[in-house]
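Asker: Please see the structure below; I have some questions.
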Amino acid sequence: MKTPDLRLAALRRFALAISALTIIGHGFLGFEQSYAYVLVALITSYSMDLLLETTSAWSEKRTARYRGGPLALVNFLLSAHITALAVAMLLYSNEQLLPIAFATAVAAGSKHIFTVTTERGKRHFLNPSNTGISATLILFPWVGIAPPYQFTENISGSADWIFALFICILGTFLNARFTKKIPLILAWFAGFALQAIIRSWYFDLSVLAALNPMTGLAFLLYTFYMISDPGTSPYKPLHQVVFGFSIALVYSFLMMFHIVFGWFFALLIVCCIRGAYLHYRARKNQYTLKPLPVAGSLL
């Protein structure tokens, strides 16, 4: 029996979820960024995706994927919408908006530049928002990640736990029902805990300090809404497990070399390695080019 493609259904729900979190975050939770972050990121992301898709369609002599009516346009822009809100939510550049536009542009461009032909057609292999964020952190050293406390700054007591629990339940439901990435998430959880324990034992550090990042809301968002991107992560359960453990392994090496923002760089490195493997497999099996899906990745 053919496995149904739930990518579009997942995109719609993740777009709704991240839109709701952005509105609630700026209105109630205490997000530190200005509203201009969101506006600049959305305009840049929409514009870049439409421009690059038009160029690609023209060069490949095919119909642009956003053509076919308002619904086709909305479906096409779902990925750009999610990417823009993720960048605007996770980066912090004080009052400067250029890094936000730059990160969003890099994220959109990566979907068209870093591609590979698979048995399911042409696919990008870098997580778009993670690529844009990583490039910005490298090229703009004064730009940082949004402070983790902003996700629960204006709530306290039991509301802290209820909100975190809601993020976990919603993320688990979306990934179990639509992206099918529960093995990847479990492997990442287990891998992160394991590397924290081993590093603590080897370097005589506090285990609780090494495990502490797992208690933050930023960790939950990264786990349930970034690394599980169906467009840039493996589909088969065993491959998902390898992918999740690999991110944790690379993260541990980055931590040992005192490299900050390890989550983002670890995911970028693992995606690059997977992309190289997919290119090798495409050349070996001589896959033929198929049309791209209507919408791409989650983040």
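Asker: In Å, the Kirkwood hydrodynamic radius of segment 7-163 over pairs of distinct alpha carbons? Don't skip to the answer; put the middle values down first.
Answerer: Values: mean 1/r = 0.0601 Å⁻¹.
That comes to 16.6 Å for segment 7-163.
Asker: For the pair PHE203 and ILE24, what calculated FRET efficiency results from E = 1/(1 + (r/R0)^6), where r is the Cβ-Cβ distance and R0 = 45 Å, to the nearest 0.05?
Answerer: So the FRET efficiency works out to roughly 0.70.
Asker: Which distance in Å, rounded to a whole number, links the C-alpha centroids of segment 1-68 and segment 235-257?
Answerer: 27
Asker: Could you pull out the pairs from LYS61/LYS180; LYS111/LYS180; LYS61/LYS236; LYS181/LYS284; LYS61/LYS181 whose alpha carbons sit more than 25 Å apart here? Could you put the intermediate results ahead of the total?
Answerer: Values: LYS61/LYS180 34 Å; LYS111/LYS180 22 Å; LYS61/LYS236 33 Å; LYS181/LYS284 27 Å; LYS61/LYS181 34 Å.
Violating the 25 Å Cα-Cα cut-off are LYS61/LYS180; LYS61/LYS236; LYS181/LYS284; LYS61/LYS181.
Asker: Would you calculate a helix-derived [θ] at 222 nm for the chain, using -39,500 (n - 2.57) for each DSSP H run of n ≥ 4 and dividing by the full residue count, to the nearest 500?
Answerer: Details: 11 runs with 190 residues, N = 299.
Helix contribution divided over all residues of the chain: -21500 deg cm²/dmol.
Asker: Three principal axis extents, largest first, for the C-alpha atoms of the chain, in Å?
Answerer: 58, 44, 39
Asker: Using θ = phi - 60° and the Karplus relation 6.51 cos²θ - 1.76 cosθ + 1.60, list the HN-Hα couplings for segment 223-237 in order, rounded to whole Hz, with x at every Gly or Pro.
Answerer: Calculated HN-Hα couplings, in order: 6, 8, 10, 10, 5, 8, 3, x, x, 10, 10, x, 9, 5, x Hz.
Asker: Each residue of segment 73-82 in order: what ³J(HN,Hα) in whole Hz does its phi give by Karplus 6.51 cos²θ - 1.76 cosθ + 1.60, θ = phi - 60°, with x for Gly and Pro?
Answerer: Listing the rounded values in order: 5, 5, 4, 5, 7, 4, 4, 5, 5, 5 Hz.
Asker: Cα centroids of segment 194-216 and segment 90-151: how far apart, whole angstrom?
Answerer: The two parts, judged by their Cα centres, are 28 Å apart.
Asker: Let me ask something additional. What FRET efficiency comes out for the pair LEU170/PHE261, r = Cβ-Cβ distance, R0 = 25 Å, nearest 0.05?
Answerer: On the way: r = 25 Å, r/R0 = 1.02.
The formula returns an efficiency of 0.50 here.
Asker: Taking amide H atoms as placed 1.01 Å from N in the peptide plane, list the residues 5 or more away in sequence, or in a different chain, whose amide H sits under 5 Å from that of GLY144.
Answerer: The list, which skips near neighbours in sequence, is TYR92.
Asker: Can you work out the accessible area per residue across segment 2-111, with the rest of the protein chains kept in place, probe 1.4 Å, in square angstrom? All intermediate terms of the calculation are to be shown ahead of the outcome.
Answerer: Working: 5220 Å² over 110 residues.
In whole numbers, segment 2-111 has 47 Å² accessible per residue.
Asker: So, one more: As an exercise, identify the trypsin sites (Lys or Arg not before Pro) in segment 6-108 lying in DSSP coil whose Cβ has no more than 15 other Cβ atoms within 10 Å.
Answerer: LYS61, ARG62, ARG67
The values are calculated or read from the model by the stated rules, or taken from the named source; none is laboratory data. Note that the coordinates shown come from a computational prediction; the quantities given were computed from them, not determined experimentally. Counting neighbours? That spans all protein chains shown, and the Cβs are built from the backbone with ideal geometry, glycine included. Areas reflect the complete protein model, heavy atoms only, side chains present, ligands, DNA and RNA absent. Shrake-Rupley method; radii C 1.70, N 1.55, O 1.52, S 1.80 Å.
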